[in-house]
Amino acid sequence: MSSAAELLSEIRQSSERRPFEVLKLAEPLLNTGKISRAEDVWLVYEQVFTAAIDEGQIELAKTILTILQKRFNDSQRVRRLYGMINEAVGHPSEAKQLYTQMLDADETNVLASKRLIALLKAEGHTKEAISQLVTYLDTHANDFEAWLELCSLYLRHHLYPQAAFCIEEVILQQPANHYFHLCYAEICYTMGNLGTALKEYLRVVELSTDNVRGFYGVKLVADRILDLGNRPKKEQQDAALGDAPQPATLQRLSQLATERLVYAYNRASESSRKAAEAWLKK
């Protein structure tokens, strides 16, 4: 029993969504009441509630909610769970009204704000979701996951400068995560900011030395900048080259990226290797 409680605790701490496993682990614990710490009982109930919603077991979720409401009658956290029930049974307007009331009472309520944002996004109201996220980040600027969500919503509307700003905020908080540098590089390349894109792709392969997408980016941008050297001055200015390296350095970067990509695809399937070689020869 104790090992089941420990596993449930680990799942909670990791923020993983493993509903089937949670329900399987929690059932004997709740039936027998064998949870070592009293405060963990209510955390497990909340965990089971969320798992039941994920698995579509609405009646079980309602039963758990009733238990929690009896114990925590005025809890804003439990009110949020009631809103989630309304979402699950197809009553989004009631859920939205509840979350709005909770935010009117306390505009810093993180749980209500995130549920409202998720609800707006699920309904396809991306502009309203963006507005709510911006308001949320005014108060919780250190929530890098919220910045990522806002970046994703901006990208849906092709608002690349705003998306770039969001990912910059993420990088300030998570500078050693190569994936965020990769996202930033790709946004910069899309905007035509080749100088910054090259720097960020190089940072990607510095942090993740076998990253195929990173080396693809280095080669793509280096070859693009070299090609622009033969184009009119106006076209070069539009590309936002910044302090891009000299042609000799760009050629070495392109060659290095090519070598690393060839090495990577030598271990891949024959079809993948041929496709990569055909692109690299262009």
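Within the straight-line cut-off of under 16 Å between alpha carbons, the aspartates and glutamates reachable from residue 199 are 168, 186, 223, 243, sequence neighbours fewer than 8 places apart in one chain being disregarded. Each residue of the range 187-195 was assigned a 3J(HN,Hα) from its phi angle through the Karplus expression (A = 6.51, B = -1.76, C = 1.60, θ = phi - 60°), giving 5, 4, 5, 4, 6, x, 8, 6, x Hz with x at Gly and Pro. Each part gets one Cα centre, and for the range 137-187 versus the range 101-125 those centres are 20 Å apart. Taking the charge dipole of the range 1-144 about its Cα centre, with +1 at Lys and Arg Cβ atoms and -1 at Asp and Glu Cβ atoms, the residue from 144, 42, 93 reaching farthest to the positive side is 42. Element breakdown for the chain at a 1.4 angstrom probe: carbon and sulfur atoms account for 51% of the accessible area.
Residue by residue, the range 153-158 carries 3J(HN,Hα) couplings of 5, 5, 5, 4, 9, 6 Hz when phi is fed to the Karplus relation 6.51 cos²θ - 1.76 cosθ + 1.60 (θ = phi - 60°); x denotes Gly or Pro. Converting phi to 3J(HN,Hα) with the Karplus coefficients 6.51, -1.76 and 1.60 and the offset θ = phi - 60°, the range 120-131 yields 4, 5, 5, 7, x, 8, 5, 5, 5, 5, 4, 4 Hz in sequence order, with x at every glycine or proline.
All Cα-Cα separations within the range 176-281 were binned at 5 Å from zero, giving a P(r) of 2, 14, 23, 22, 20, 12, 6, 2, 0, each value a whole percent of the pairs.
Within the set of other residues whose C-beta is less than 13 Å from the C-beta of residue 188, count the net charge using Lys and Arg as +1 and Asp and Glu as -1.
Working: positive: 199, 203, 224; negative: 168, 186, 200.
Neighbourhood net charge equals 0.
Overall, the chain carries a charge dipole of about 800 debye about its Cα centre when +1 sits on the Cβ of Lys and Arg and -1 on the Cβ of Asp and Glu, all other atoms neutral. For residue 165, the solvent-accessible surface with a 1.4 Å probe is about 100 Å², rounded to the nearest 10. Considered as an equivalent ellipsoid built on the Cα gyration tensor, the chain has semi-axes of 48, 24, 15 Å, the largest given first.
How big is the dipole moment of the range 176-281 about its Cα centre under a simple scheme where the beta carbon of each Lys and Arg is +1, that of each Asp and Glu is -1, and everything else is neutral? Debye, nearest 20, please.
On the way: 14 positive and 12 negative charges, 35 e Å.
The dipole magnitude comes to about 160 debye.
Charge tally for residue 84 (other residues, Cβ to Cβ under 14 Å; Lys, Arg +1; Asp, Glu -1): +3.
The values are calculated or read from the model by the stated rules, or taken from the named source; none is laboratory data. Just so you know, these numbers come straight off a predicted model, no measurement behind them. FYI the Cβ positions are ideal-geometry reconstructions off the backbone, even for glycines, and counts take in every protein chain you see. The accessibility values were calculated without ligands, DNA or RNA, using every heavy atom of the protein model including side chains. Shrake-Rupley method; radii C 1.70, N 1.55, O 1.52, S 1.80 Å.
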